[in-house]
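Chemist: My structure is below; once you've seen it, I'll send some questions.
The values are calculated or read from the model by the stated rules, or taken from the named source; none is laboratory data. Quantities reported herein were computed from a predicted structural model and do not represent experimental measurements. No Cβ is skipped: glycine too gets one built from the backbone with ideal geometry, and neighbour counts run over all protein chains shown. Ligands, DNA and RNA are excluded from the accessible area calculation, which covers all protein heavy atoms including side chains. Shrake-Rupley method; radii C 1.70, N 1.55, O 1.52, S 1.80 Å.
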Amino acid sequence: MKFAGPLRAALCVALALMPVHAPAQNPFHGKAWPKTDFTAFLVDPLEFEPGGPNKDGIPAIDFPRMHPAAEEHSLDPREPVISVKIEGQLTRGYPLRYLLWHEVVNDTVGHTDIAVTYSVLVDSAVVYDRRDAEGNAMVFGVSGLLRFSNSVLFDRGTESWWQQTTGRAIVGSHAGERLTPLPARVESWDVFRLHHPDGLVMMRPEWERAYGTTPFVGYDSAGVPARYAGPLPPKGIAPLERVLRVGSHAWRLSRLMSEGRITEAGLVLTWTPGMASTHDAADIARARDIGMVRVRDAVGRDLPHDVIFAFCFAAFWPDGRWMLGGCGAAGLPC
């Protein structure tokens, strides 16, 4: 059954994850955030809003159980998986069916401490090196707060607040620091197991969640984003249209889908079909095909990137460049 709109979808997720009778938290309440240094603010406090669940109401996964790809039988071939390759280690896959309900996975791959992150309302999937500026590994949780519809994470050591899609600490003793994004890509389970038959995949978390389904039915076809009152993309680009972001550059996914391959700004961008959206049908396996993206440099090295909704790029990269191809000098979409 479809929800009446994106806001209702967001509320359904919040209600599903919120403890019964849990009161809404004041975002700056000392009891909720005893370690947070609220004298260190880099953004307007009015930009924060409660997302529904309180602090840790969306439970992060710490050091997940993994098993060989050959032993995984619950995933549909078209389901999206975040694929992470650390040099010298087996490739690991983190299914979005789990990240949809947990948003953060803290893991260690060989000697590399990583945070696999996913912000549902902006469809942002980024993998970070989770060490701070001094080289200390941090463990992240989900604050329950949103800023421009994007999840705000926190580290458990200092309870500083970090913007998920940018990796920047914006409140607390780590304010101003940035996490280092790692090369990773979202690909279908079918492609993952084909290319990484000896890889490892995250096992089902030990939580009672409707894994394999999404409450965000029809969200990426909606006209307006949920819980959002920030800047909008250029005229002609729908707020919930997906764009490929590499650094401060954005390419419309529709353009990449049409062309299949784009060589611009020293990058080689490719798109192939075969991966389902997490914001379309209730059963992810039945969702429409949005395909997979790969980003490489001129010598073929994979680069960090993100495929997000256009409004997210407008909000967090206001001076970013929209790569509109053969569009007019006015910079409007074709």
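Chemist: Of all residues being in contact with a Lys or Arg (Cβ under 7 Å, 6 or more places away or on another chain) and open to solvent by 10 Å² or more (accessible area, probe 1.4 Å) in region 92-118, which is farthest from A282 (Cα to Cα)? Just the residue, please.
Modeler: If we take residues in region 92-118 being in contact with a Lys or Arg (Cβ under 7 Å, 6 or more places away or on another chain) and open to solvent by 10 Å² or more (accessible area, probe 1.4 Å), then D113 is farthest from A282 (Cα to Cα).
Chemist: I've got another one for you. Hey, among the residues in region 286-297 that are open to solvent by 10 Å² or more (accessible area, probe 1.4 Å) and outside any strand (DSSP E or B), which one's farthest from V127 (Cα to Cα)?
Modeler: Looking at residues that are open to solvent by 10 Å² or more (accessible area, probe 1.4 Å) and outside any strand (DSSP E or B), I get R286.
Chemist: Looking at T263, T270, which is the one that is closer than 23 Å to V127 by Cβ, open to solvent by 20 Å² or more (accessible area, probe 1.4 Å), of a type in the set (S, T, Y) and not in a loop (DSSP other than H, G, I, E, B)?
Modeler: After applying the criteria, what remains is T270.
Chemist: Right, something else. Only one residue in G300, G331 is modelled with pLDDT of 95 or more, on the phi > 0 side of the Ramachandran plot, exposed (fewer than 15 other Cβ atoms within 10 Å of the Cβ) and part of a loop (DSSP other than H, G, I, E, B), so which one is that?
Modeler: So the residue among G300, G331 that is modelled with pLDDT of 95 or more, on the phi > 0 side of the Ramachandran plot, exposed (fewer than 15 other Cβ atoms within 10 Å of the Cβ) and part of a loop (DSSP other than H, G, I, E, B) is G300.
Chemist: Please find, among A137, A115, the residue that is under 17 Å from the mean Cα position of the chain (by Cα), over 23 Å from A210 (Cβ atoms) and at pLDDT 95 or above.
Modeler: That would be A115, the only listed residue that is under 17 Å from the mean Cα position of the chain (by Cα), over 23 Å from A210 (Cβ atoms) and at pLDDT 95 or above.
Chemist: May I ask you to list the residues in region 276-285 that are over 16 Å from the mean Cα position of the chain (by Cα) and open to solvent by less than 20 Å² (accessible area, probe 1.4 Å)?
Modeler: The answer is I284, and nothing else.
Chemist: Among the listed residues L200, L194, which satisfies the condition of being touching a Pro at 6+ places or on another chain (Cβ under 8 Å), of a type outside the set (G, A, S) and on the phi < 0 side of the Ramachandran plot?
Modeler: L200
Chemist: Determine the pairs where a residue that is open to solvent by 20 Å² or more (accessible area, probe 1.4 Å), located within region 306-325, has a partner that is at pLDDT below 95 and of a type in the set (D, E, K, R) with Cβ atoms under 9 Å apart, the partner being 6 or more residues away or on another chain.
Modeler: Partner pairs satisfying both residue conditions: none exist.
Chemist: Next up: Please specify each residue of region 82-111 satisfying the condition of being farther than 24 Å from S143 by Cα, in contact (Cβ under 8 Å) with a residue 24 or more places away in the chain and not charged (D, E, K, R).
Modeler: If the condition is that a residue be farther than 24 Å from S143 by Cα, in contact (Cβ under 8 Å) with a residue 24 or more places away in the chain and not charged (D, E, K, R), then S83, V84, I86, L90, T91, G93, V109, G110 are the ones that fit.
Chemist: Which of the residues that make up region 104-123 are more than 12 Å from T278 (Cβ to Cβ), part of a strand (DSSP E or B) and not hydrophobic (A, V, I, L, M, F, W, C)?
Modeler: N106, D107, T108, T112, D113, T117
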